């Protein structure tokens, strides 16, 4: 209603000034009337001609960012036990398809180096003997961890200090936590003696060979043949590392178990703090 009155007033003013507006189109009145002011109005109806506006809407496609999935690190653990007082824990961690990091801590050893290997089976029903030979999926002979020719389970030696504690960190590419050659379900074994890394020598025979070479007898025989001339027969299979002191099967740590461990430690900490606070106030009150 207010808009109609405003439109009538605007038309009357424009008619009085003999001007027109493109937005206003007056329809002639067959019976014009004279206003008290002497202004004649021909207002009968008004049509509003609004200019059309064309809105061009353009949609710009925004390229979505690729979804990045961060794979959680794979973890596994083995608890080593045997018939003696030797015991320990081995933890493994692997990110994606990278190398595996092995953290070892064994106690109760005699000071010095001890062979440390991954064996074929996780079976400990008959002690460490039932874990079988070294894990060897490629059918190689025994060697050092850095050798090209080696068992996948050849992890060298760990060295015990004067207190009988051996701690080591090993990074290796042949013991993954997934895939056809996974170490999960296999057993780690710590041995009684030092692993000779497939290079074992009979020292008495080495002395005899030196004598032969010194006197130019069979000088065509190289010193690298020493193993064949008297090296230990187990050097290329076990490293002549002696008996098996302790062993344990490798078990994968699931994400739930990791969360459970974190929650367990958090609850224990909260309870400890609560107990400390309770004892503090109890002493004050008493």
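Figures for the structure shown
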quantity: Tally, over region 128-146, of residues that are in contact (Cβ under 8 Å) with a residue 24 or more places away in the chain and within 20 Å of residue 104 (Cβ to Cβ); calculated: 8
quantity: Sole residue being in the same structural domain as residue 240 (by TED's automatic domain parsing), at pLDDT 95 or above, within 30 Å of residue 240 (Cα to Cα) and assigned to a strand (DSSP E or B), chosen from 110, 141, 93; calculated: 93
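Every residue, every condition in (1) surrounded by fewer than 18 Cβ atoms within 10 Å (Cβ to Cβ); (2) part of a strand (DSSP E or B), yes or no:
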site	(1), (2)
164	yes, no
168	yes, yes
177	no, no
185	yes, no
198	no, no
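The values are calculated or read from the model by the stated rules, or taken from the named source; none is laboratory data. Treat the numbers as computed from the prediction; the structure is a model and nothing was measured. Here the Cβ is made from the backbone with ideal geometry for all residues, glycine too, and neighbour counts use every protein chain on show.
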